[in-house]
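In what follows, a structure is listed as structure tokens, so that the remarks can point back to it.
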Number of protein chains: 2
Amino acid sequence: MHTKFAKRVTTASRSFTRTILDLTAQSDIISFAGGLPDASLFPKTLFQKYANTLFEKNDNLLFQYSNASGVEALKIEIAKRYEDTSSKAIMLTNGSQQALDLVCKTFLDEQDCIIVEDPSYLAALNLFHMYNADIKTVALDKNGVDLVSLEKLFLTCKPKFFYTIPIFQNPTGYSYTLENKEEVARLAKKYHVILLEDSPYEALRYEGKQSTSFASLLPELTITLGTFSKTLAPDFRIGWIKAPQKIIEALTCSKESTDLQNSKFFQHIAALMMQNGDLETHTKALIKHYKTKRDTMITALEETFGESISFVKPEGGMFIWVNFKNCKDSMQLFDKAIQKGVAFVPGSVFFADKKVSSFGRLNYTNSSLEQIREGVQKLYEAYL
Amino acid sequence: MHTKFAKRVTTASRSFTRTILDLTAQSDIISFAGGLPDASLFPKTLFQKYANTLFEKNDNLLFQYSNASGVEALKIEIAKRYEDTSSKAIMLTNGSQQALDLVCKTFLDEQDCIIVEDPSYLAALNLFHMYNADIKTVALDKNGVDLVSLEKLFLTCKPKFFYTIPIFQNPTGYSYTLENKEEVARLAKKYHVILLEDSPYEALRYEGKQSTSFASLLPELTITLGTFSKTLAPDFRIGWIKAPQKIIEALTCSKESTDLQNSKFFQHIAALMMQNGDLETHTKALIKHYKTKRDTMITALEETFGESISFVKPEGGMFIWVNFKNCKDSMQLFDKAIQKGVAFVPGSVFFADKKVSSFGRLNYTNSSLEQIREGVQKLYEAYL
């Protein structure tokens, strides 16, 4: 039964994804490796309250088959987050990973060129690899992407899309400046390239002013992906796509053939939480908690490592991208760190060509303040 | 952005699927068209009870990210339904449509040959078309498939799999005899063909003895799909795959890259309902209700149409496959029936080549006894 896709799936799964998940689940290791929210902060009391509201409405159709694009009330609330957007420009997916998969499944042919930031989100790289895309990279720094390289790629490769995480990027935590974004949008328009804007972290901003999205700079050529996994809970499995209506229609057909629909239950709960302001209140509380965690990790890194490492303080999101300057290959540091009882993700896995890197990605949202301090100390011992 | 897949998706979606769903939602039409369970029978009180049990366990990890293959407790309960099966041979999916999609996505290359029953499940035919499979058909009658044709196809086409719905088939309601199944299994073993056994209806048996599944006749070459959509509720979005462990491992990797995981919440509820015997009790109640509906439709058809139609009384499931002998093209009957205020699905859509057919599929689970009698009368008026 082996086929090209099965082979590519198997190869990709042998990558670092599983290792990360396994490490994060191990109780004797302090893990800065995963990208998990703090499970103790999930607003379960509110979930229970609204779940019972739904049950007591006694709506027979709540558990019946329904349409593929999702609960209208939630699509309306999500549409409000964007300028001049109707619910027809929104569809709901089984987490934003499914959104990414549906875009690939529907629009990507084998050997189509796509452009990704270097480094980029591991599970997206794996997915593009499985679809046998021709993956080209554009360098990313703390201000955004290298515009000269990007234009050259737009011109020479006729890419199907440019996959970008412009706010609190994974793995770097970097955000594009407005100038960089405007220039990317100008180039995309000039060369008619779709921007596939993945924005799972934008609600988790600890300081600085709100970013302008590609969704508002170039709505006619942007497919934006969002999620409630970082603000409500991953198990809700609610991601969304905001895109021109024709693209939403094609993706909805694709969704229907793929799995008919998602469960409406938690979509209704999310809609109620948005309508009643609970999501906003909860997100503010999350920001307070996560900002303290970020600050604790930054202070610990600065006090412990001093000048022996460098990093850019992220204004939001879940990650710090650390340059372990004295260690050319952070994969070696990773092995030593595990022995000391702390995990992080070595930078090389986030590069499309898996090149040796001195960088590492540290997550701070899923550890306690004490674990953050202790983990940084252990990491320093491994680094010495 | 148009690609081969997008084009095939759009073509398929223009098929009858949407018409069926739209008709089923129209309140002024009695619909025998869809394949929906009776929403008034969903055991919502039990759902609410177990939902609150889960909330009150206060398990932080309930809403956190988790593994791709699903909740272990539920996989254990499902494994018990099969002989000598461990939970490692089971994975959970977002409804059984996703199971079908994952099998295609993982194992099917373009122009691979697959075999389907003629007629077969519409959404499966659409999906295989989207994956650009080379679809071959084998005739089906009330005893099973034509074994001579099947062997010829096994021999000449080297099919990747044979897609079969052996119990209460959709659209026909037919079940393979044990002899037919044993012979299919023997041929599959001889020619080393995977049996993709779709079995969504087997729990809804109104009479006759339990069928032997391909899962037990030929476990090493069978991928079996199951679902809770017909016994608990479609919105649970829980399907499952039972297959040799190596296949489950590949499909789990594929699932992980596709949408990471499903929500655990309703998986836990389903597990609790199985552990406590509630699913069994509820299924017995469902069988009683649906048997009455089936009998009501059969009596109405016999009394109203007499010898002018023919059908095989199904021992279970959701459908009656009626031969409207006096009407060569049931698509024309469909148009007249809609004008009279009743809907069914014309047979041609279930054939891979969409050939003209005198058959029609009638669903009885989603109408009241009164609607069944009234709908059959209206259908007769259209038929006259």
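Only one of A:94, A:67 is buried (at least 23 other Cβ atoms within 10 Å of the Cβ), closer than 25 Å to residue B:228 by Cα and either touching a Gly at 6+ places or on another chain (Cβ under 7 Å) or in contact (Cβ under 8 Å) with a residue 24 or more places away in the chain (or both). Can you tell me which? First the steps, then the outcome.
On the way: A:67 fails: buried (at least 23 other Cβ atoms within 10 Å of the Cβ).
When all the criteria are applied, what remains is A:94.
With respect to residue B:99, is the statement that it is assigned by TED's automatic domain parsing to the domain that holds residue B:203 and in a helix (DSSP H, G or I) true? Explain how you work it out, then say what you get.
Values: assigned by TED's automatic domain parsing to the domain that holds residue B:203: yes; in a helix (DSSP H, G or I): yes.
Yes.
Which one is nearest to residue B:100 (Cα to Cα) among residues in region B:148-192 that are touching a residue at least 60 places away in the same chain (Cβ under 8 Å) and out of contact with any Gly (no Cβ under 9 Å at 6 or more places or on another chain)?
Going residue by residue through region B:148-192, those that are touching a residue at least 60 places away in the same chain (Cβ under 8 Å) are B:161, B:167-175.
Next cut, out of contact with any Gly (no Cβ under 9 Å at 6 or more places or on another chain) only: B:161, B:172.
Details: B:161: 12, B:172: 20 Å.
That would be B:161.
With the checklist (1) crowded, with 17+ Cβ neighbours inside 10 Å; (2) farther than 30 Å from residue B:209 by Cα; (3) not aliphatic (A, V, I, L, M) in hand, flag the one item residue B:374 doesn't pass.
With (1) crowded, with 17+ Cβ neighbours inside 10 Å; (2) farther than 30 Å from residue B:209 by Cα; (3) not aliphatic (A, V, I, L, M) applied to residue B:374, the lone miss is (1).
Within the bounds of region B:39-61, is there any residue that is more than 27 Å from residue A:229 (Cβ to Cβ) and either in a loop (DSSP other than H, G, I, E, B) or modelled with pLDDT under 95 (or both)?
Yes.
Residue check, residue B:138 against (1) exposed (fewer than 15 other Cβ atoms within 10 Å of the Cβ); (2) in a strand (DSSP E or B); (3) not polar (S, T, N, Q), all met but one. Which one?
Here residue B:138 meets the rest and fails (1).
Among the candidates B:110, B:117, which residue alone is under 20 Å from residue A:257 (Cβ atoms) and free of Cβ contacts under 8 Å to residues at least 24 places away in the same chain? Quick ask: steps written out before the conclusion?
Working: B:117 fails: free of Cβ contacts under 8 Å to residues at least 24 places away in the same chain.
Criteria check complete, one pass: B:110.
Quick one: which helices (runs of 4 or more DSSP H) lie wholly within region B:264-349 and hold at least 2 residues that are basic (Lys, Arg), more than 14 Å from every other protein chain (Cβ to nearest Cβ) and out of contact with any strand residue (DSSP E or B) (no Cβ under 7 Å at 6 or more places or on another chain)? Don't jump to the end; show me each part of the working.
On the way: elements: B:265-275, B:278-305, B:330-340.
It comes to B:278-305, B:330-340.
If the requirement is being among the small types (Gly, Ala, Ser), crowded, with 23+ Cβ neighbours inside 10 Å and more than 22 Å from residue A:65 (Cβ to Cβ), which of these qualifies: B:300, B:250, B:215, B:270? Reasoning before the result, please.
On the way: B:300 fails: crowded, with 23+ Cβ neighbours inside 10 Å; B:215 fails: crowded, with 23+ Cβ neighbours inside 10 Å; B:270 fails: more than 22 Å from residue A:65 (Cβ to Cβ).
It is B:250.
Return a yes/no flag: does region B:190-210 have any residue that is more than 14 Å from chain A (Cβ to nearest Cβ), in contact with a helix residue (DSSP H, G or I) (Cβ under 7 Å, 6 or more places away or on another chain), surrounded by 24 or more Cβ atoms within 10 Å (Cβ to Cβ) and more than 30 Å from residue A:130 (Cβ to Cβ).
No, region B:190-210 contains no residue that is more than 14 Å from chain A (Cβ to nearest Cβ), in contact with a helix residue (DSSP H, G or I) (Cβ under 7 Å, 6 or more places away or on another chain), surrounded by 24 or more Cβ atoms within 10 Å (Cβ to Cβ) and more than 30 Å from residue A:130 (Cβ to Cβ).
Counting only residues that are free of Cβ contacts under 8 Å to residues at least 12 places away in the same chain, over 19 Å from residue B:125 (Cα atoms) and either part of a loop (DSSP other than H, G, I, E, B) or among the basic types (Lys, Arg) (or both), how many does region B:352-370 have?
Looking only at region B:352-370, we keep the residues that are free of Cβ contacts under 8 Å to residues at least 12 places away in the same chain, and these are B:354-355, B:368, B:370.
The next check asks that each one be over 19 Å from residue B:125 (Cα atoms); those that pass are B:368, B:370.
Narrowing further to those that are either part of a loop (DSSP other than H, G, I, E, B) or among the basic types (Lys, Arg) (or both): B:368.
Count: 1.
Here is a list: B:305, B:324, B:334. Which entry is surrounded by 17 or more Cβ atoms within 10 Å (Cβ to Cβ), touching a residue at least 60 places away in the same chain (Cβ under 8 Å) and either over 18 Å from residue B:34 (Cα atoms) or among the aromatic types (Phe, Trp, Tyr) (or both)? Talk me through it step by step, then tell me what you get.
Numbers: B:324 fails: touching a residue at least 60 places away in the same chain (Cβ under 8 Å); B:334 fails: touching a residue at least 60 places away in the same chain (Cβ under 8 Å).
The unique qualifying residue is B:305.
Considering each of B:343, B:352 in turn, give the residue that is among the hydrophobic types (A, V, I, L, M, F, W, C) and crowded, with 20+ Cβ neighbours inside 10 Å.
On the way: B:352 fails: crowded, with 20+ Cβ neighbours inside 10 Å.
On inspection, the qualifying residue turns out to be B:343.
If residue A:36 passes every condition in (1) aliphatic (A, V, I, L, M); (2) in contact with a strand residue (DSSP E or B) (Cβ under 8 Å, 6 or more places away or on another chain); (3) at pLDDT below 70 but one, which one does it miss?
(3)
Would region A:130-142 turn up any residue that is within 9 Å of another protein chain (Cβ to nearest Cβ) and at pLDDT below 95? Talk me through it step by step, then tell me what you get.
Of all residues in region A:130-142, those within 9 Å of another protein chain (Cβ to nearest Cβ) come to A:130.
The next check asks that each one be at pLDDT below 95; those that pass are A:130.
For region A:130-142, residues within 9 Å of another protein chain (Cβ to nearest Cβ) and at pLDDT below 95: present.
For residues in region B:112-123 being under 12 Å from residue B:162 (Cα atoms) and aliphatic (A, V, I, L, M), which is surrounded by the fewest Cβ atoms within 10 Å (Cβ to Cβ)?
B:114
Counting only residues that are assigned to a helix (DSSP H, G or I), more than 10 Å from chain B (Cβ to nearest Cβ) and within 17 Å of the chain's Cα centre (by Cα), which one in region A:7-33 is modelled with the lowest pLDDT?
So the residue we want is A:16.
Go through (1) in a helix (DSSP H, G or I); (2) within 13 Å of chain A (Cβ to nearest Cβ); (3) touching a Gly at 6+ places or on another chain (Cβ under 7 Å) one by one and return the number of the condition residue B:252 breaks.
(3)
The values are calculated or read from the model by the stated rules, or taken from the named source; none is laboratory data. Being a predicted model, the structure only gives us computed values, none of them experimental. Note: ideal-geometry Cβ built from the backbone for every residue, glycine included; neighbour counts use all protein chains shown.
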